[in-house]
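The values are calculated or read from the model by the stated rules, or taken from the named source; none is laboratory data. Predicted, not measured: the structure shown is a model, and the values here were computed from it. Cβ: placed from backbone, ideal geometry, glycine included. Neighbour counts: every protein chain shown. To get the accessible areas, we keep the full protein, side chains included, count just its heavy atoms, and leave off ligands, DNA and RNA. Shrake-Rupley method; radii C 1.70, N 1.55, O 1.52, S 1.80 Å.
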Amino acid sequence: MTHQEISHHRLVSQKLYKTSQNSPQEIVKHLGAMQAQDYAMAKWAIGSRCDSSAKEIEAAINSAQIIRTHILRPTWHFVSSDDIYWMLDVSAPQVKRFTASAAKKYGYDDKKLNETNSKIEKLLVGSNHLTRDEIMQELDIKKTSNADFLSAAIMMNAELDGLVCNGIMKGKQITYSLLEERVLKPKAKLTKEEALAKLAQRYFESHGPATLLDFSWWSGFSPTICKQAINAIKLRLNSLEIDNQTFWFGNELVYENNFRESVHFLPAFDEILISYKTREASILEEHQSKAFTNNGIFKPIILENSKVIGTWKRTIKKDHAKIETQFFHETENHKKAILFEGIKGFENYLETKIIIE
């Protein structure tokens with residue numbers, strides 16, 4: 001395997017080749033955690049890896065097969081209900097440092113956050129699903145620009161404490177519900193070392209070939225802790241050296257995976273880019289500023305044969321979706337027609353007509 005081939009093998013490990021039938025929950029469980037702050041695009045991140053429609057994926061979220069919550073780095077992620085508790089146990093303490101710091105700016109120390117958690121629990125008990133604004137109104141926190149930061153910190157803290165997670169969508173609004181009313185809490189718990197090892201194995205099997213620093217970026221843990229986790233499982237992984245870097249990947253990912261022609265229209269913040277510390281394997285450095293910004297805003301991308309060749313955006317209309325594309329290089333019309341075949345999966349996912357402009 002060469003450095004140039006890494007991006008192809010990542011398509012395989014991330015299930016973008018759809019070599020088998022998978023449910024939305026199976027896709028999320030395979031990938032461990034999928035970044036999901038852009039809710040609509042995050043659903044397509046799942047849909048691009050299976051044959052489920054947007055409605056079917058939302059049903060899996062509403063039924064709590066898939067949980068949307070803050071975990072790993074301090075941002076939204078999709079996590080399988082099978083993994084939510086052990087992953088919170090290992091990840092929440094480090095992420096809570098960010099929420100605690102944010103809350104303190106508004107006079108909320110640990111004691112006040114715990115008191116607020118108790119109030120939130122009383123509001124939501126009995127499968128009561130409320131939006132953040134509804135919860136803040138009950139807590140008598142006025143809706144201002146400052147209060148918006150405070151309310152985000154309060155709810156993120158409640159998520160990290162395992163109190164709340166996403167509830168059933170209320171129209172287009174996200175709600176919160178009590179996690180233990182949505183997902184039964186397991187009796188057994190993993191040790192921190194066991195959970196870190198499990199997290200590392202899940203990452204390298206689903207995102208490999210990847211480096212220690214890639215895993216550190218994705219998980220939010222320090223390189224030292226990540227190295228310990230890799231050492232605990234390295235006999236269950238494969239590895240190779242490229243340019244004095246060690247790339248780790250699962251045993252099921254073999255060198256003989258046949259290359260195939262492929263086009264993928266992937267969502268903003270897709271794991272194929274965002275889950276790695278550096279992205280040169282998938283996108284040339286000269287094009288990176290066109291696909292993502294220095295402050296972490298990622299655009300929807302077009303991949304041809306595992307390489308990013310442009311960006312796209314969609315506008316949802318009443319009876320169709322409009323797609324606009326921007327290629328990094330001038331592209332002939334006959335070549336565009338071939339590339340646009342790759343958007344058919346998105347058309348099936350939306351269950352509506354797509355018009356390309």
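Below, the figures for the structure above:
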| item | result |
| --- | --- |
| Strands (runs of 3 or more DSSP E) completely within the range 155-272 that count 3 or more residues being open to solvent by less than 80 Å² (accessible area, probe 1.4 Å), in contact (Cβ under 8 Å) with a residue 12 or more places away in the chain and within 19 Å of Ile6 (Cα to Cα) | 237-242, 245-250, 263-266 |
| Residue in the range 1-26 that is surrounded by the fewest Cβ atoms within 10 Å (Cβ to Cβ), counting only those that are farther than 21 Å from Ile302 by Cβ and β-branched (Val, Ile, Thr) | Thr2 |
| From Lys318, Lys353, residue being under 17 Å from Ser53 (Cα atoms) and at pLDDT below 95 | Lys353 |
| The lone exception for His30 - which of (1) open to solvent by less than 20 Å² (accessible area, probe 1.4 Å); (2) part of a helix (DSSP H, G or I) it fails | (1) |
| Meets criteria (outside the structural domain of Lys344 (by the TED database) and within 23 Å of Lys198 (Cα to Cα)) for His9 | yes |
| Filter result for Lys55 (in a helix (DSSP H, G or I), within 24 Å of Lys170 (Cβ to Cβ) and over 16 Å from the mean Cα position of the chain (by Cα)) | yes |
| Meets criteria (of a type in the set (A, V, I, L, M, F, W, C), closer than 16 Å to Ile354 by Cα and not assigned by the TED database to the domain that holds Ser48) for Ile338 | yes |
| Number of positions in the range 95-114 that are buried (at least 16 other Cβ atoms within 10 Å of the Cβ) and either small (Gly, Ala, Ser) or over 17 Å from Leu163 (Cα atoms) (or both) | 5 |
| Residue within the range 299-316 that is exposed (fewer than 14 other Cβ atoms within 10 Å of the Cβ) and outside any strand (DSSP E or B) present | no |
